[in-house]
Amino acid sequence: MAEDARRAELAANLAAVRARIAAACATVGRDPADVTLIAVTKGHPPADVAHLAALGVWDVAENRDAEAAAKARECAALRLRWHFVGQIQTNKARSVVSYADVVHALDRERLVRALDAAVLADPHLVQARDDLPGEGLAVLLQIDLDSRPGAGTSGGAGGRGGIAPEQVSSLAATVDRAEGLVLRGVMAIAPRKVPAGPAFARLAEISAQLRSRYPSASWISAGMSSDLHDAVRAGATHVRVGRSLLGPRPLTR
Ligand SMILES: *Cc1c(COP(=O)(O)O)cnc(C)c1O
């Protein structure tokens with residue numbers, strides 16, 4: 001597809017996604033300006049990232065380190081805000097920290113230590129970023145909304161990653177002690193087998209509790225192409241949208 005046709009397609013998709021966000025906001029009296037749209041560009045070429053930036057989308061997300069690192073390098077001149085939304089192996093922490101502004105899927109103490117060490121080893125990477133309040137790498141705790149009390153930790157059968165709600169306060173305290181990290185809130189992926197609305201409402205409760213202790217933790221990253229309506233209604237501050245914005249993912253993964 002010619003690049004100008006692709007840009008027009010992305011512009012139309014963007015308008016439709018923004019309209020969905022605005023419609024969801026209207027049902028609960030929220031201001032659409034309080035919802036940040038993050039474009040999940042995994043599987044799509046850097047040219048799409050450039051089109052989106054030209055259309056005013058500066059928040060971009062990836063979920064695999066190698067693809068993200070290459071894309072962030074190619075798009076460095078655009079001064080985007082890069083969100084890492086995938087699981088992170090601890091041996092990739094240094095690489096992720098070298099381009100990411102926000103890490104969404106923090107789910108274990110070891111990863112806190114690895115990210116913190118990576119930031120402190122390379123503090124200029126983080127201090128160069130003026131957009132984020134506080135100093136340090138912004139991190140969100142991934143909450144497993146599938147988890148049942150006593151069912152154990154992250155990655156349980158059918159789970160979509162993240163920590164059980166009862167583990168939030170201890171992981172939050174660990175992040176709070178990490179000099180290189182700033183606790184910015186929570187993130188979740190809707191469970192597959194239950195309705196998204198009540199799951200996101202539970203996430204909002206967890207967020208409120210966390211925020212009462214850590215005022216900086218005000219972000220709720222929730223909602224993807226299929227469930228952004230429910231997420232926005234429940235209070236999501238950041239939605240992560242791939243397919244509705246960019247279409248099917250063309251690159252082999
Ligand atoms: C891929 C992905 C998204 C976007 O999903 P779509 O269904 O394409 O909107 C959001 N969040 C995470 C963590 C993802 O991996």
Checklist entry - Gain in length, Q89 to A11, computed as 0.36 nm per residue apart minus the alpha-carbon separation, to one decimal in nm? => result 24.6 nm
Item to check | Protection proxy ranking of 102-109, 3-10 - average other beta-carbon atoms within 10 Å, highest first | outcome: 102-109, 3-10
Item to check | Hits among lysines - C-alpha to C-alpha of K71 under 18 Å, sequence gap 8 or more where chains match | outcome: K42, K92
Next on the checklist: Given the DSSP H assignment, sum -39500 (n - 2.57) over each helix run of at least 4 residues in the chain and divide by its residue total; what's the result at 222 nm in deg cm²/dmol, nearest 500?
Outcome noted: -13000 deg cm²/dmol
Checklist entry - Of the accessible area of the chain, with the probe set at 1.4 angstrom, what percent is carbon plus sulfur? => result 52
Next on the checklist: Per-residue counts of other Cβ atoms within 10 Å, averaged by peptide: what ranking do you get for 225-238, 63-76, highest first?
Outcome noted: 225-238, 63-76
Next on the checklist: Suppose a student asked you for the relative contact order of the chain, using Cα pairs under 8 Å spaced at least 6 residues apart; what percent would you report?
Outcome noted: 20
Checklist entry - Principal axis lengths of the stretch 1-118 from Cα atoms, whole Å, largest first? => result 41, 40, 20
Checklist entry - Using the beta-carbon distance between S98 and A2 and R0 = 45 Å, what value does 1/(1 + (r/R0)^6) give for FRET efficiency, to the nearest 0.05? => result 0.85
Checklist entry - In square angstrom, what is the accessible area per residue of the chain with a 1.4 angstrom probe? => result 45
Checklist entry - Per residue, what volume in Å³ does the Cα convex hull of the chain take up? => result 123
Item to check | Projected label distance in nm at E166 and R202, using a 7 Å step from Cα toward the beta-carbon | outcome: 1.3
Item to check | Part-to-part distance (alpha-carbon centres) for the stretch 78-101 and the stretch 224-240, which is given in Å | outcome: 22
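The values are calculated or read from the model by the stated rules, or taken from the named source; none is laboratory data. Nothing here was measured: the structure is a model prediction, and the numbers come from that model. Methodologically, a virtual Cβ is constructed for each residue, glycine included, from the backbone with ideal geometry; neighbour enumeration extends over all protein chains shown. Heavy atoms of the whole protein, side chains included, go into the accessibility calculation; ligands, DNA and RNA do not. Shrake-Rupley method; radii C 1.70, N 1.55, O 1.52, S 1.80 Å.
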